[in-house]
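Everything below concerns the one structure shown next.
Just so you know, all these numbers are worked out from the coordinates, no wet-lab data involved. The model shown is predicted, which means the values in this text are computed figures rather than measured ones. For neighbour counting, all protein chains shown are included, and Cβ atoms are generated from backbone atoms with ideal geometry for every residue, glycine included.
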Ligand SMILES: Cc1ncc(COP(=O)(O)O)c(C=O)c1O
């Protein structure tokens, strides 16, 4: 018999899938690292397990403890799955811009969900960063995960996602393109790949309204770059410790409209029913066209699943209201 001991053993070893239609004008091979095959339907399952195991190992998380985190949804899902298998409680704090589906999904796997306003500074006591931190101070036997600054996040991708991509491409990968939020994926995968071949180029996909691109190019943290945006999961108004700016060769920004339209196109043209940051990632990759040549092997990582966006990017009424389609 062949079976996993529990759901956590099914995390990782996701497929690499060729894009055929959206990329037809590019000279190179484009392959998608298809992370929705993880049991929580996102790449975040990988770092959720790693962050919890590291916290157990050094005593930050104790038996019967409560896991507290600010999450845009996917990390919460990963943490909730691990918590169920290992017997922890979860409290997740989200900002109100996140899809309702993400909140419902977290409640479905037994987590308590607290929703905070998006449109306040990270230091504001109402922000989801501040509320998560405060709750962790007030709740007995709790552990605040802090995926932004918790370096187990990057390590998970250095130990699993990066080696998988290297192996699946037979070491032929030349470029890695990925949306950047906490930075764990880009930094962990990028570090591993560059250790195998320093010529591999790593591109981060950013949003308008986020500080990453300007900070990377100038070293300036410019508060004027910060404003609310629609794209979910990528871009930040802080500099998380997990973003290793030295690993990243460049950032490319994608508009909210393009990210939403390309999320639909991935589904309709490629049969890839994916989340909003996948739309941003593929559009950013297309914008980088001039950087690719015939023999290149470009890997783009798609973080999460389309089912989390049926009320938004897959709802044409919403798309019309936003002015994204006629
Ligand atoms: C949908 C989605 N895309 C992209 C990202 C960014 O990944 P990372 O946090 O590893 O930079 C996240 C992280 O929250 C996400 O949920």
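With R₀ fixed at 35 Å, the C-beta to C-beta distance from residue 13 to residue 315 puts the FRET efficiency at about 0.60. Rounded to the nearest 10 degrees, the angle from helix 276-287 to the longest Cα principal axis of the chain is 30 degrees. Were the residues from residue 268 through residue 287 laid out at 0.36 nm apart, the gain over their Cα-Cα distance would be 4.8 nm.
Placing a label point 7 Å from the Cα of residue 221 along the Cα-to-Cβ direction, the residues of region 227-245 whose backbone N falls under 20 Å of that point are 227-229, 234-245. Summary of the geometry: region 282-326 and region 144-209, compared by the centres of their Cα atoms, lie 19 Å apart. Report the residue, chosen from 236, 159, 217, that carries the largest GNM mean-square fluctuation when the chain is represented by alpha-carbon nodes joined by springs under 10 Å. Sorting by GNM fluctuation, first place goes to 217. The modelled label-to-label distance between residue 294 and residue 84, using points 7 Å beyond Cα along the C-beta direction, is 5.1 nm.
Can you sort 149, 295 so the residue with the fewest Cβ neighbours within 10 Å comes first? Let's see the in-between values first.
Working: 149 14, 295 10.
Arranged by neighbour count, lowest to highest, 149, 295 become 295, 149.
Placing pseudo-labels 7 Å out from each Cα toward the beta carbon at residue 326 and residue 112 gives an inter-label distance of 5.1 nm. State whether region 181-326 is rounded, prolate or oblate according to the following rule on the C-alpha gyration tensor (a ≥ b ≥ c being the square roots of its eigenvalues): a/c under 1.5 gives rounded; otherwise a/b larger than b/c gives prolate, and the remaining case gives oblate. Note, shape of region 181-326 comes out oblate. For the residues 221, 212, 273, a GNM of the chain with alpha-carbon springs under 10 Å puts the largest fluctuation on 221. With viscosity 1.567 mPa s and temperature 4 °C, the Kirkwood radius over alpha carbon pairs of the chain converts through Stokes-Einstein to a diffusion coefficient of 65 µm²/s. Computed from the C-beta positions of residue 172 and residue 307, the FRET efficiency with R₀ = 35 Å rounds to 0.60. Taking the longest Cα principal axis of the chain as reference, the axis of helix 256-270 is set at about 70 degrees. Using a Gaussian network model of the chain in which every pair of alpha carbons under 10 angstrom is joined by a spring, one finds that among 207, 169, 66 the greatest mean-square fluctuation is at 169. Between residue 139 and residue 196, the simple label model (points 7 Å from Cα in the Cβ direction) yields a spacing of 3.8 nm. Extension gain, residue 56 to residue 120, is 19.7 nm, computed as 0.36 nm per intervening residue step minus the present C-alpha separation.
Listed from fewest to most Cβ neighbours within 10 Å, the set 231, 118, 23, 263 follows the order 118, 23, 231, 263. Largest first and in whole Å, the equivalent-ellipsoid semi-axes of region 94-189 read 32, 15, 15, each the square root of five times a Cα gyration tensor eigenvalue. Give me the percent relative contact order of the chain, please, defined on Cα pairs under 8 angstrom at least 6 residues apart. Value for the chain: 20 percent.
Computed packing ranks the peptides 308-314, 184-190, 133-139 as 184-190, 308-314, 133-139, most packed first, by mean other Cβ atoms within 10 Å. Out of every Cα-Cα pair in region 44-144, what percent are more than 25 Å apart? The answer is 14 percent, as a whole percent.
Helix content alone sets the calculated 222 nm mean residue ellipticity of the chain: runs of n ≥ 4 DSSP H residues at -39500 (n - 2.57) each, divided across all residues, give -10000 deg cm²/dmol. For the chain, the longest principal axis of the Cα atoms and the long axis of helix 74-86 meet at an angle of about 50 degrees. Taking a ≥ b ≥ c as the square roots of the eigenvalues of the Cα gyration tensor, an a/c ratio of 1.5 or more together with a/b larger than b/c marks region 189-260 as prolate.
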